[in-house]
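Only the coordinates and a few stated rules stand behind these numbers; no lab work does. Remember, it's a predicted structure, so these values are computed and weren't measured experimentally. Glycine gets a Cβ as well: all are built from the backbone with ideal geometry, and neighbour counts include every protein chain shown.
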Amino acid sequence: MEVKENKIEFDIEELAPLLIANKTEGFRQIGEKILNAILEKEFETFIGAGRHERNEERKDYRNGHKERLLKTTLGELNLLRPYARSGKFETKLFENYSRIDKALVSMIVESYLKGVSTRKVEAVVSALDIELSHSTVSNLSHELDELVTEFKTSPLKSYYPYLYVDSLYLKVFNGSRFVSKAVMIAIGVNEEGYREILDIAPMESEAVSTYEDFFDGLKERGIKKVDLIISDGHKGIKRAAAHSFVGSSWQLCSVHFKRNLIKVVPQKDIKTILEEINVILHSKNMQDAIDYANGLAAAYEVSHPKLVKYLTENLMDVLTFLAFPKEHHRKIHSTNVLERFNKEVKRRTKVVGAFPSDNSVLRLLVPLAVDTNAKWLDRKYVSWDNLVQSEEAEEEFTENF
């Protein structure tokens, strides 16, 4: 195989035996040869001269090479990455990290520098061929920090009919040990029916004042009105929402409601009770739901007093969605709109298992949020056109309650 000008010429007598002996290994070796040829050509263009070539237009000189494994669908390819004396050569073959890839790398390297690395992290660092230095962290983090700042300070619309709020719990290093920390996430559905991740914030505590600060941050960026806030049953969120968005209604996530309900129900009765609860949640209107719930409470008052107590205390909060357009009920009864995003976060964070700092949390989650928002622009989540829900709206977050 030779590279002549901008063409790669193959020698069939060289390649045929590779494929005949072992097709999989043959294709791997061919891919390896092609990429090494591209690397060499790219490097020659950069320094302005070929190997052993004397050229007055030469701009730099060779300074050896380093072996690097590149994982591909063909298998692991052993590439010889050339270096220039100036140290400025960067190949395009290895620069295609997405923002999220950069966030993962930044988090891994920061873990090393803080002395909280693990063998699992070491394996990842080795595979990615990362230089463990403060300059590496600085270079990787600078671009991400700019994105985080832009995301958290960009103006928001003044009116979001629906606002979903939920917490994701992640392990974060606090300087001496790993602790479980709540990360607040807010998703809004605007007047046009599109959803958008509005903000992400690691929480220092779960006090009412902390949640109020989170909501105040949304208001400072432009939000003036919210019709319905959907969240889990955390009393701090409910109180803060009522204080920050006066005139809004609050919906207790039906999924969290049922999870808490079955904790006070004997195992043998869970299936029956959930069927009864689903009848309530599928009611055509608020009054029908209340009437059925009252009948259920009367039937179980003696045998299941804890069930009746929980049901009566939380009934009106879990039925709030019934006061809104019927076409939107499947979208606003729970916080499941966040489930796919949370799964994507967990899929990436399991690489290292924990975050070295609050900043690293934002450096990973914000790029993911930006990418998610871009995808969500393709389709409306709900529609107010004749109050008919878009048939093309995605159902991946919809709970069949």
Cβ-defined net charge surrounding Leu80, 9 Å radius [Lys, Arg +1; Asp, Glu -1]:
+1
Potential extension, Asp385-Ser303 segment - 0.36 nm per residue separation minus Cα distance:
24.8 nm
Taking R0 as 60 Å, what's the FRET efficiency between Val255 and Glu90 from their Cβ-Cβ distance, rounded to 0.05?
0.80
Charge sum, other residues only, whose C-beta stays under 12 Å from Tyr310's C-beta, Lys/Arg counted +1 and Asp/Glu -1:
+3
What's the extension gain from Ile262 to Ala374 if we count 0.36 nm per residue and subtract their Cα-Cα distance?
36.5 nm
Based on the mean of other beta carbon atoms within 10 Å per residue, what is the order of 274-285, 246-257, most packed first?
246-257, 274-285
Highest mean packing first, using Cβ neighbours within 10 angstrom, the peptides 169-177, 236-244 sort as 236-244, 169-177
Once you've got the Cα coordinates, tell me which of Lys88/Lys350; Lys157/Lys284; Lys238/Lys263; Lys271/Lys380; Lys171/Lys219 are over 27 Å apart.
Lys88/Lys350; Lys157/Lys284; Lys271/Lys380; Lys171/Lys219
Among residues other than Leu156 whose Cβ falls under 12 Å from its Cβ, what is the net charge (Lys/Arg +1, Asp/Glu -1)?
+3
Based on the Cβ-Cβ distance from His282 to Tyr61, what FRET efficiency comes out when R0 is 56 Å, to the nearest 0.05?
0.15
Relative contact order (%) - criterion: Cα under 8 Å, at least six apart; region: segment 254-333:
33 percent
Take each of the peptides 323-336, 368-381, average the number of other beta-carbon atoms within 10 Å over its residues, and list them starting from the highest.
323-336, 368-381
